[in-house]
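Asker: The structure's right below; bear with me while I get my questions together.
Each reported figure results from applying straightforward, stated rules to the coordinates on display, with no laboratory input. Being a predicted model, the structure only gives us computed values, none of them experimental.
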Amino acid sequence: MTVLTVRHVAVAYGGRTVLHDVSLRVDPGEMVAILGANGSGKSTLVRTVLGLVPAQSGEIELFGVAQRRFRQWARVGYVPQRIGAGSGVPATVGEVVASGRLARRGVLRLPRRADRDAVRDALHDVGLADRAGDPVSTLSGGQQQRTLIARALAGEPDLLILDEPTAGVDADSQQAFAETLHRFRQRGGTVVLVAHELGPLEPLIDRAVVVHGGRIAHDGPIPQPAGHHAGPGHDHVHPHAMPERQGICDWAPSERTRTF
Ligand SMILES: Nc1ncnc2c1ncn2[C@@H]1O[C@H](COP(=O)(O)OP(=O)(O)OP(=O)(O)O)[C@@H](O)[C@H]1O
């Protein structure tokens with residue numbers, strides 16, 4: 001069973017189509033990066049998967065169930081594009097992370113030991129166990145982002161969807177984040193990650209999907225930015241041999257695209 005299947009999906013905002021005939025499949029345990037230039041449609045794709053934006057046509061399935069019939073949203077953790085976890089909210093780190101348990105325990109039931117354990121483990125996982133009592137506003141941007149990731153992890157999701165989680169995040173937090181995702185995957189989790197730069201996450205990525213102009217331009221190994229032929233990840237994929245595909249974005253697609 002696939003974790004996520006997107007078939008021939010189109011999405012429009014106010015009559016303007018921004019995703020055209022998008023198909024994508026994510027299998028259990030995979031870590032898939034969605035790459036592409038600003039405005040290419042990456043966030044729209046994940047927001048559509050989550051049901052936050054309606055699809056005009058096509059089909060989406062989560063864990064083998066059609067999205068319109070899917071009810072197990074607690075199995076999906078989502079970290080949106082940076083919103084600033086502390087913006088105007090006087091909550092502590094521990095409170096923000098505990099809010100990630102609500103979908104699991106229900107609003108009307110008091111937290112049980114399993115809830116408290118999940119919050120503690122998630123805080124520990126992102127390296128913020130000693131900051132649980134601090135107001136989120138006193139944290140650095142990277143620590144705030146880690147708080148949001150801990151909130152998603154506290155819900156013990158099977159699928160984690162992250163939109164630009166490391167954008168503008170300090171190197172320490174990026175490294176801590178990579179280790180967190182590695183552990184999540186070792187526990188059997190599946191990850192879909194929207195990113196501009198992969199940085200320390202690159203070794204964890206199984207497959208890259210490049211979105212260009214609202215279409216999937218590549219689905220396969222991580223494309224190496226043109227000119228990086230001597231880089232350690234270079235395996236003789238030559239994007240410059242495909243003039244029609246050059247200049248798509250920072251990520252030059254390779255010819256080894258995956259079809260399904
Ligand atoms: N709520 C909205 N209403 C109208 N147009 C939108 C909306 N959200 C995004 N768009 C437009 O849809 C297109 C795709 O945007 P989207 O945010 O999905 O791209 P992206 O690849 O995630 O870009 P970025 O990296 O800048 O977040 C862009 O042209 C954007 O201006």
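Asker: Show the residues, 5+ positions off or on another chain, whose built amide H is closer than 5 Å to the amide H of residue 160.
Answerer: 77, 190, 191, 192
Asker: What whole-number distance in Å separates the alpha-carbon centres of segment 110-177 and segment 1-64?
Answerer: Answer, in whole Å: 25.
Asker: So what is the diffusion coefficient of segment 4-245 in µm² per second by Stokes-Einstein at 25 °C and 0.890 mPa s, using a Kirkwood Rh over Cα pairs?
Answerer: Answer, rounded: 130 µm²/s.
Asker: At 1.306 mPa s and 10 °C, plugging the Kirkwood radius over alpha-carbon pairs of segment 106-177 into Stokes-Einstein gives what diffusion coefficient in µm²/s?
Answerer: The Stokes-Einstein estimate is 122 µm²/s.
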